[in-house]
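K.L.:
I am attaching a structure below and will ask some questions about it afterwards.
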Amino acid sequence: ALRHFGGPPEAFFGEYLAAAGQLARASHSLLLIAGADGAWTLSAASPAQPDPELAARAVELAKSVAERGAASVRAQRPGKGATALTGFRLDHGPDQPSSVVVLAVPDAPVEQLEAATIVLRLTADIPVSYFKERALRQTASDTVRFAQAFDLMILINQDRRFVKAALTLANELASRCRSSRVSLGWMHDGYARL
């Protein structure tokens, strides 16, 4: 479903991180993006406000994850018990910055953590699929709008007289936009003349 998600990127990444967290039984899922200077910054998280200490540890792990494709580390958090951080690199398209997902998994056996990482790496291409699908929808929408404008130009250009062409324009716009009224006017000295 996420490959064909119709919402904006912010909503997509919220859903994607929540799904990744469910797969890994993680308490937190974080998306980190590499800046032009190579510094990693937190871009999105599920739940929305992660513990600052957890976010800092995720930033530390991000470079290793980006270099190796996946990495895990165990961390003892005072007063919060043992937590494992596991991360995987997201596939990204051309001209897109490197990005990784880091998940905080309550202490679990190493085998369970490795199995979760393998399953999560299988989801690494979903963001690229989402952005390709989004671009295709936008292209299709732009093509339809262009074709409609072109059809309208052909109809208007068939009329030799201005009044008839203006009526054709108003009627076609009313029909295509499902409007009850379309008016054509000229602006002169701050007033519109119908």
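K.L.:
Extending each Cα 7 Å along its Cβ direction at A166 and A1, get the distance between those two points in nm, one decimal.
P.N.:
Result for the modelled spin labels: 5.3 nm.
K.L.:
With the crude spin-label approximation of a point 7 Å out along Cα→Cβ, what separation in nm comes out for D95 versus S129?
P.N.:
2.4 nm
K.L.:
Related question: Show the residues, 5+ positions off or on another chain, whose built amide H is closer than 5 Å to the amide H of A44.
P.N.:
Placed amide hydrogens put L31 under 5 Å from A44.
K.L.:
Working out 0.36 nm times the residue gap between D37 and N157, then minus their Cα-Cα distance, what length gain in nm do you get to one decimal? Could you put the intermediate results ahead of the total?
P.N.:
Numbers: separation 120, 0.36 × 120 = 43.20 nm, distance 5.44 nm.
Extra length available between D37 and N157 comes to 37.8 nm.
K.L.:
Give me, ordered by chain and number, the residues 5 or more places off S98 or on other chains with an amide H under 5 Å from its own placed amide H.
P.N.:
Residues meeting the criterion, in which the H sits 1.01 Å from N, are A34.
K.L.:
Ok, one more. Could you order R68, R137 by accessible surface area, starting with the largest, using a probe radius of 1.4 Å?
P.N.:
R68, R137
K.L.:
So, R0 is 35 Å and r is the distance between the beta-carbons of Q49 and S141; what FRET efficiency does that work out to, to 0.05?
P.N.:
With R0 = 35 Å, the Cβ-Cβ based efficiency is 0.50.
K.L.:
With all protein chains present and a 1.4 Å probe, how do H92, H188, H28 order by accessible area, largest first?
P.N.:
Final ranking, largest accessible area leading: H188, H92, H28.
The values are calculated or read from the model by the stated rules, or taken from the named source; none is laboratory data. Remember, it's a predicted structure, so these values are computed and weren't measured experimentally. FYI the Cβ positions are ideal-geometry reconstructions off the backbone, even for glycines, and counts take in every protein chain you see. Note: areas computed on protein heavy atoms with side chains; ligands, DNA, RNA excluded. Shrake-Rupley method; radii C 1.70, N 1.55, O 1.52, S 1.80 Å.
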